[in-house]
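One structure is given below, encoded as structure tokens.
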Amino acid sequence: MDDEEMRRLLEQSGYDADLGMRMAEDAQRVAAGELSETKFYGRYHEELLAEFGQDDREFNELRDDLDGEVVTEADDPDGLADRLASLADTEGLSRRELMAKGGAAAMALGVLAGSGGSATSVGGDSGGDDDDRTRWGMVINLNNCDGCLACMVACDQEHNLSRGSNWMYVFTYEDDYQEDDQNFLVRTCQHCTDSPCTKVCPVGARHTRDEDGLVLTDYDICIGCRYCEVSCPYGVNYFQWGEPDVPESEINDEHQIDSRGRWVGSRPPEGVMGKCTFCVDRQDGQMGEEKIGTTACEEACSMDAIHFGDMNDPESPPNQHLSAYFDDNENDRSEWENRSEHTVSSFKLLEERGTDPNVTFVGNEPSQHARQVEGPVTYESVGLVDNRKEVLDNGAMASAGGDDA
Amino acid sequence: MSVDTSGVDRETLLRPIHTRTSRYTIAVAAALVAIGVWLFFYYQQLEHGLIVTNLADWGSGGGVPWGLYIGAFIWWVGIAHGGIILSAAVRLLGMDTYQPVARIAELLTIAALSCAGLFILIHVGRPDRLVTSVLPAWPTRVQWSPLMWDVTVITAYFVLTGVYLLLTIRYDLHRLRAQLPDRLEPVYAALTVGYSEREDQVIERMVWWIAFAIIIMAPLLLHGGVIPWLFALLPSMAGWHGGVQGPSFLSIALTSAVSGIIIVAAAFRYAYGWEELIPDAVFRGLAKWLGFFSLLFVWLQLQQVITGIFAAPTTLQHATEVKIATPLYWVAIGLVILAMVYAFATALKPSLFSLPALVGLSIGVLVGTLVEKVLFVVEGLMHAHFDLYSGVPGAYTPSAVELSALVGAIGIVALFFLTVSKVIPVVELHAIEGDHGSSVDATTATAETSNTGGER
């Protein structure tokens with residue numbers, strides 16, 4: 001987008017185009033370090049109040065119009081990042097550097113919009129009660145799962161994972177307290193609203209993305225202390241102990257760099273922590289508009305077990321599935337009106353740990369006496385490794401060459 | 001003063017600086033070999049990544065992500081508590097008995113904290129980012145991350161101890177300057193820059209307050225605080241939870257710290273014939289401390305075992321049952337109990353005392369505390385609340401790369417003492433001349449009243 005196109009869009013928006021152009025230029029100066037955020041704020045505060053009043057939302061309308069389309073779900077001041085970045089001199093800059101630069105400019109604008117912390121928000125205090133925001137989550141219907149492991153394979157391929165790094169993991173288990181011989185539990189990262197991993201991270205690499213609740217790892221910041229892995233009650237983290245199986249040269253930046261310009265997608269580099277990202281590249285539209293609101297595991301599931309979407313939106317696929325499933329299993333309350341409304345069991349994993357997970361399961365929760373058993377489809381038969389330590393031990397013994405993991 | 005070292009001359013005090021023996025050369029060579037062995041292995045870790053350790057992911061991964069490196073980190077921070085125990089005893093409580101080993105203990109603090117830092121450095125996957133990631137994140141993350149609390153408190157402890165050492169050393173260097181080697185003149189000039197005898201009184205008061213600050217910070221906030229909180233605050237692992245971890249960690253730290261001082265002080269006494277400078281009475285006193293801290297150690301273990309097995313929540317009960325079924329745990333506890341029994345026996349029957357036996361038992365205590373710390377970390381990670389994984393409990397034995405780091409760290413501490421003892425007197429001049437506290441009002445009263453208590 002060049003200056004003229006931007007001006008045209010600004011004029012279409014009905015707001016002061018000159019103001020918008022001056023702000024965009026100064027935002028670049030903030031990004032380049034030539035202008036302090038404070039000065040930037042001071043310079044435009046009065047004018048913005050006059051133009052938009054005090055409501056941040058109206059400011060976001062400006063952003064939406066700049067994009068040329070209305071971003072409905074994400075209350076995302078960073079959506080401007082790549083637009084601003086495209087105004088910068090792109091000669092000799094990689095996409096990652098460019099986006100980082102644009103991200104800084106957008107952050108400066110974010111300060112103006114009264115939500116400056118969002119671009120750098122680092123876990124711990126991220127609230128989950130704001131129903132206006134997107135909160136990506138899942139409803140996983142365990143009653144539908146047949147243990148085919150297609151979701152694990154899809155995740156492994158989409159994110160270029162190293163052997164044994166099972167971001168998506170399907171348990172088959174026996175449980176004295178359940179009738180079936182084979183029960184399933186489908187475990188992604190729970191993308192907890194009150195996630196212990198983001199609280200304990202010493203450097204803020206593990207963080208909750210404010211605009212949509214995704215719990216992500218900034219691969220550029222992580223020091224590899226593994227405290228997040230130690231603190232997580234679910235065991236969803238997989239460290240990159242050695243060289244990744246898939247080299248970075250084979251992975252596009254679109255998979256790796258999110259809308260804020262941070263490196264959070266695809267498998268982590270060596271010495272850094274990785275885990276399920278809820279396919280952040282898809283949610284940011286970098287895999288195409290049609291992939292927003294989908295995940296690789298959900299797409300691969302032919303049993304209609306995995307339902308991904310905005311948990312704050314009652315009309316989202318997971319919430320619709322949940323209510324439809326409840327409706328289909330209504331309880332007969334004609335005689336006993338104090339009975340529950342439906343006969344379906346649902347739960348959140350280890351809810352008593354206080355993590356407020358964003359994955360809801362339909363089906364029975366494994367009891368304390370449940371034990372994992374071999375499933376109808378073995379991990380090995382679909383080309384996956386279950387116990388990663390076997391791979392790592394081989395790497396520890398190998399001298400050179402065979403140290404991928 | 002219950003220990004009379006006033007007959008010792010300055011030449012004896014400066015013996016490490018003035019002598020050079022073949023035994024010294026061999027000791028330096030041995031330390032360098034130990035460091036070399038570690039560097040050889042660590043180079044492989046830098047080249048291939050942490051895959052050369054036996055660490056792995058917990059959960060489906062079938063391993064534990066923290067192991068010997070973190071266990072050794074806690075162990076070294078524990079040993080570092082020797083400095084504060086001794087400087088508090090001498091400066092705050094006037095127990096001049098321990099004056100001859102006070103500086104050795106402070107130097108041990110500096111060396112041990114450095115080793116603790118080293119273990120964090122080699123533990124992380126991206127050591128190159130320790131500065132670039134940690135410094136910018138500090139202002140926001142210190143409000144949340146227990147690991148950042150640790151970094152903060154350990155840094156503060158290191159700085160305070162370093163300042164304490166630098167301030168107290170000026171008095172000695174100024175008075176001993178004529179007997180110190182000229183080729184190190186720039187070092188002494190730097191250490192005593194701006195010194196005048198008028199500052200002695202002020203310095204004495206400053207170090208009293210520094211000792212006072214550290215005695216609150218190091219035991220209560222560091223090893224009885226942020227280090228156990230690294231584990232006790234997490235919702236993931238059953239065996240780590242609970243308020244007892246603070247006192248328990250502290251008891252282990254103090255036990256290992258006294259053992260560390262006994263070993264280093266005995267080594268100096270042996271090497272330089274310092275029977276007069278560091279007399280038996282010092283070690284007899286330290287043995288009583290060792291006995292008392294060991295008792296606390298064992299008592300707090302008892303607390304955890306009893307509350308863990310009687311009617312505990314199922315996951316904690318399971319973790320505790322596994323802990324007490326681990327033979328290595330009983331080896332650790334046994335080594336500590338052995339030292340405790342010996343310490344109390346020599347207190348009742350002084351003729352039982354033998355310095356070689358005490359040193360041997362102190363080494364046993366250090367082995368025991370290291371084993372206990374590594375087991376705490378590793379077994380803790382093996383018994384998550386969520387144990388549906390067939391890979392839980394995971395498996396772990398330290399690899400050669402990890403074990404070599406222990407050898408290297410011990411080599412670093414040895415080399416540190418071998419080097420420092422050639423430059424500065426490792427025993428304070430106060431130990432043989434004059435009373436440091438007599439001119440300071442605030443401490444005189446305390447010193448006088450507790451002097452009697454310090455008599456043994």
Per-residue average of other protein chain Cβ atoms inside 10 Å, peptide A:218-224 -> 6
Ranked output for segments B:299-309, A:165-175 by mean other Cβ atoms within 10 Å, highest leading, reads A:165-175, B:299-309
Looking only at lysines whose Cα falls under 26 Å of B:Lys288's and that sit 8 or more positions away or on another chain, we get B:Lys349, B:Lys373
Given A:143-150, B:325-332, A:280-287, the highest-first ranking by average Cβ count within 10 Å works out to A:280-287, A:143-150, B:325-332
Restricting to lysines and to Cα separations under 21 Å from A:Lys291, and discarding same-chain partners fewer than 8 apart, the set is A:Lys275
In Å², rounded to a whole number, the accessible area per residue of chain B with probe 1.4 Å is 38 Å²
Of every hundred units of 1.4 Å-probe accessible area on chain B, the number belonging to carbon and sulfur atoms, as a percent, is 71 percent
For B:Trp274, B:Trp75, the accessible-area ranking with a 1.4 Å probe, largest leading, is B:Trp75, B:Trp274
Each residue of B:130-141 has, on average, a number of other protein chain C-beta atoms within 10 Å of its C-beta equal to 5
The answer for the net charge of residues other than A:Arg339 whose Cβ lies under 14 angstrom from its Cβ, with Lys and Arg +1 and Asp and Glu -1, is -4
Between chains A and B, total accessible area buried, probe 1.4 Å, no ligands or nucleic acids, nearest 100 Å², roughly 4500 Å²
Probe 1.4 Å, all chains present, heavy atoms only: B:Thr161 accessible area in Å², nearest 10, is 10 Å²
In Å, the Kirkwood estimate of hydrodynamic radius for region B:1-64 over Cα pairs equals 16.7 Å
Note, B:Ala178: beta-carbon cut-off 13 Å, +1 each Lys/Arg, -1 each Asp/Glu, net -1
Only helices counted: for chain B, with every DSSP H run of 4 or more residues adding -39500 (n - 2.57) and the sum spread over all residues, [θ] at 222 nm is -22500 deg cm²/dmol
For B:Met340 the rounded accessible area (nearest 10 Å², probe 1.4 Å, non-protein molecules ignored) is 30 Å²
Counting only protein heavy atoms with a 1.4 Å probe and every protein chain in place, the carbon and sulfur fraction of the accessible surface of region A:130-405 in whole percent equals 42 percent
When every protein chain stays in place and a 1.4 Å probe is rolled, B:Leu176, B:Leu220 sorted by accessible area with the largest first are B:Leu220, B:Leu176
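Per residue of B:65-71, what is the mean number of Cβ atoms on other protein chains within 10 angstrom of that residue's Cβ?
Per residue, the number of nearby Cβ atoms from other chains is 3 on average.
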Any GluC sites (Glu not before Pro) in region B:152-219 that lie in a DSSP loop and have at most 16 other Cβ atoms within 10 Å would be B:Glu197
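For chain B, what's the relative contact order in percent, using C-alpha pairs closer than 8 Å and at least 6 residues apart?
Answer for chain B is 34 percent.
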The answer for region A:130-405, accessible area per residue at 1.4 Å probe in Å², is 37 Å²
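The values are calculated or read from the model by the stated rules, or taken from the named source; none is laboratory data. Owing to the predicted nature of the structure, the values given are computational and were not obtained by experimental measurement. For neighbour counting, all protein chains shown are included, and Cβ atoms are generated from backbone atoms with ideal geometry for every residue, glycine included. Quick note on the areas: whole protein, heavy atoms, side chains included, nothing else; ligands and nucleic acids left out. Shrake-Rupley method; radii C 1.70, N 1.55, O 1.52, S 1.80 Å.
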